[in-house]
1. Summing Lys, Arg as +1 and Asp, Glu as -1, what charge do residues with Cβ under 14 Å from the Cβ of PHE40 carry, PHE40 excluded?
2. Here are labelled values, (1) -0.57, -0.84, -0.96; (2) -0.34, -0.72, -0.97; (3) -0.47, -0.90, -1.09, and one is the computed log10 I(q)/I(0) by the Debye sum over Cα atoms at q = 0.09, 0.13, 0.15 Å⁻¹ for what I pasted. Which one?
3. Relative contact order, percent, of region 6-220 when contacts are C-alpha pairs under 8 Å separated by at least 6 residues?
4. According to the square roots a ≥ b ≥ c of the eigenvalues of the Cα gyration tensor, what is the shape class of region 45-128, taking rounded for a/c under 1.5, prolate for a/b larger than b/c otherwise, and oblate for the remainder?
5. Between 0 and 90 degrees, rounded to the nearest ten: what's the tilt of helix 199-217 against the longest Cα principal axis of the chain?
6. Pairing the Cα long axis of helix 168-189 with the longest principal axis of the chain, what angle in degrees results, from 0 to 90 and rounded to the nearest 10?
Amino acid sequence: MSYGATFPLWRAAAGEAWQDYTRHAFVEGLRDGTLPREGFLRYLVQDYVFLVHFSRAWALAVTKAETLDEMRACAATVHALLDEEMRLHVGTCAAEGIPEAELFAAREAPQNLAYTRYVLDAGHSGDFLDLMAALAPCVLGYGEIGARLGAKAGPTPYADWIATYAGAEYQRTCREVGALIDAAVARRLGEAPERSPRWPRLCARFETATRLEVDFWGLGLSA
């Protein structure tokens, strides 16, 4: 699993928050099947709403881009979110008697509001790199989690969720996003980005978004 050169640096800078996110009790419950079904459905409904705003953030990235390659990559990610990833949510919830119209109209949890608005604010108040740093924990973190669970999970009722993020299609999206971030960083900060005065702020963006991911998992464990 390799998602480029920038992602490992940001991940390391996030410190313990990254482990709290990728090894969260919710994630381990997916792996071993102990996660209560009602908690999973609560998370899935909120994650559908999250992906609506996440798609808007990637669409915003198109307007922040400086090259056609960046624009095309961001537009492709919007397509992957709206037409591929959200199918998991719609299909799983439909089987539980929750139609897509109900998903779209769901009331946002405070954790959802905090995370999605943080990402959108990063894009509106900052530039393309600010937005990429805020977006990366979700895209690439789910890829890392999916790859690990796909290799280690035993029989679990959440095999479809794991297969979505461990699958070749999503893993390809992660590699493409990692390459997009690497090229964007090199274009704007040069070949030694860690020496740029902007680097600490980008690391802080990534770390904040990671902490918000931790809070988001908690939705599925709350009473």
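1. Numbers: positive: ARG31, ARG37, ARG42; negative: GLU28, ASP32, GLU38, ASP47, GLU96, ASP160.
Taking every other residue near PHE40 into account, the sum is -3.
2. Computing log10 I(q)/I(0) by the Debye sum over Cα atoms at q = 0.09, 0.13, 0.15 Å⁻¹ and matching it to (1) -0.57, -0.84, -0.96; (2) -0.34, -0.72, -0.97; (3) -0.47, -0.90, -1.09 gives (2).
3. Once normalised by length, the contact order is 38 percent.
4. Details: a/c = 4.00, a/b = 1.60, b/c = 2.50.
Here region 45-128 falls in the oblate category.
5. That works out to roughly 0 degrees.
6. Result, in degrees: 30.
Every number here is computed from the coordinates shown, using simple stated rules; none is lab data. Fair warning: this is a prediction, and the values are worked out from it, not measured in the lab. Methodologically, a virtual Cβ is constructed for each residue, glycine included, from the backbone with ideal geometry; neighbour enumeration extends over all protein chains shown.
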